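Let me begin by presenting the structure, written as structure tokens, before commenting on it.
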Amino acid sequence: MSFAARRLAQAIPLLLIISLLVFGLIHAAPGGPLSLYLDNPNVRPEDIERLKRAMRLDKPLATQYLSWLASFVRGDWGYSYADGRPVTERMLERVPATLQLVGISTLVAVIVSIVVGVGAALRRGVDHAASIGAVAGLSVPVFWLGLVLQLLFSNTLGWLPSSGRASFVGGGLGDRLAHLVLPVTVLAVAHAAGWSRYLRGSVRLALAQPFANAARARGVTETRIVLRHALRLALLPFATVVLLDASIMASGAVVTESVFAWPGIGSLFTEALAKRDYTVLMAFLMCASVAVVTLSFLADVAVHALDPRTRNAS
């Protein structure tokens, strides 16, 4: 069996286990899927019973799970309890905003990580400053950093908009870029802090290899060794980490989108959580899990294909 087939055979059972956990947690929540209606004094008991039959909540839990799983695989994710719209439609209209935010944040974080990581590997002074910055970036809560940036650059200085994806008056490209600055900064800082230290360590490890010592013996400068050889070797594991974290960033942008009122799937999740809109919550959690497992699978396959050491090990 090929490496990709083995990884795929592991990924499918993992997704099934995750689906069981998601389904069980949602149904174990106080009030269950009908809690939104139970809190409404205008909804009569007979209405609740009718809703249970319509949503098949009167069936055994195992039957409910199998029915939900089959519908989810077909792309039928049900209807939102909050407004009655299809969950698929609600999520698809939010995806572009999240992809834009996560894509630009990832690009900025990668550029910053490469510059800082290489600089830290070459210069001791840069390494000390980068270490302090990385610790600060990893320690500061995302929501706190977002609020501080809003207070400073929006409320105090008035340089940047504090929330939203665009102005109500329908600004152009410049207006949309201005709305991106603060949320992109928050997400990029949170990930560049860890990525830069990882790349710095990978470059340092590459510089300790025999080929680097041979290049030094030939009189090649340290900067040239890093840029021409060590960085190329270090970028493969670095790209793997970025690929894995990109999916986590997409699902973990919930806090950032909430702080900046960014109209993505993260803010949709917080809205659904506040309204106990269980169909949306289940769809979000499963989509996030599928994204993480899929990108992990792609990262493993890519490393296996590009790195001969992993091919020999398997």
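A short reminder: the numbers here are calculations on the coordinates, not readings from a lab. No experiment lies behind these values; they were computed from the predicted model shown. FYI the Cβ positions are ideal-geometry reconstructions off the backbone, even for glycines, and counts take in every protein chain you see.
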### Net lengthening on full extension, Phe3/Arg124 (0.36 nm per residue, minus Cα-Cα)
39.5 nm
### Cα long-axis angle, helix 124-139 against the chain (0 to 90 degrees, to the nearest 10)
10 degrees
### Query
What spacing in nm lies between the two simple spin-label points modelled at Val115 and Ala136, each 7 Å away from Cα in the Cβ direction?
1.6 nm
### Query
For region 95-263, how big is Rg over Rh, using alpha carbon atoms and the Kirkwood form of Rh?
1.07
### Task
In debye, nearest 20, what is the charge dipole magnitude of region 31-107 about its Cα centre with +1 on Lys and Arg Cβ and -1 on Asp and Glu Cβ, if you could check?
180 debye
### Message
Testing the spin-label approximation: label points 7 Å from Cα along Cα→Cβ at Thr88 and Ala178. State their distance in nm.
### Response
3.9 nm
### Query
Stretch Ala214-Ile48 to full length: gain in nm at 0.36 nm per residue minus the Cα-Cα span?
52.1 nm
### Query
Nearest 10 degrees, 0 to 90: what angle lies between the long axis of helix 231-252 and the longest principal axis of the chain (Cα atoms)?
20 degrees
### Message
With the alpha-carbon atoms as the only input, what is the per residue convex hull volume for region 11-92 in Å³?
### Response
105 Å³
### Query
Please state the relative contact order of region 1-118 as a whole percent: Cα pairs under 8 Å, 6+ residues apart?
11 percent
### Task
Give me D for the chain in µm² s⁻¹, whole number, from Stokes-Einstein with Rh from the Kirkwood sum over alpha-carbon pairs, 25 °C and 0.890 mPa s.
109 µm²/s
### Sparse-neighbourhood loop sites, GluC sites (Glu not before Pro) in region 5-109 - DSSP loop, at most 15 other Cβ within 10 angstrom
Glu93
#### Entry: Residues with amide H under 5 Å from that of Tyr79, placed H, sequence gap 5 or more
Val87
### Task
Can you pull a Stokes-Einstein diffusion coefficient for region 101-142 at 4 °C (1.567 mPa s), Rh from Kirkwood over Cα pairs, as a whole number of µm²/s?
117 µm²/s
### Task
Please work out how much length the chain gains when fully extended from Asp76 to Arg228, using 0.36 nm per residue of separation minus the C-alpha to C-alpha distance, in nm with one decimal.
49.7 nm
### Query
Taking trypsin sites (Lys or Arg not before Pro) that fall in a DSSP loop and have at most 15 other Cβ atoms within 10 Å as cut points, what is the longest piece of the chain between them?
219-314
### Query
Summing +1 for each Lys or Arg and -1 for each Asp or Glu, what net charge is found among the other residues whose Cβ lies under 14 Å from the Cβ of Leu69?
+2
### Task
Taking 7 Å along the Cα-to-C-beta vector as the label spot, tell me the Trp144-Lys275 distance in nanometres, rounded to one decimal.
3.3 nm
### Net dipole in debye of region 95-263 [+1 Lys, Arg Cβ; -1 Asp, Glu Cβ; about Cα centre; nearest 20]
780 debye
### Query
Got a sec? Charge dipole of the chain, +1 on Cβ for Lys and Arg, -1 for Asp and Glu; which of Gly158, Val135, Phe238 is way out at the positive end?
Phe238
#### Entry: Dipole magnitude of the chain about its Cα centre (Cβ charges: Lys, Arg +1; Asp, Glu -1), debye to nearest 20
1240 debye
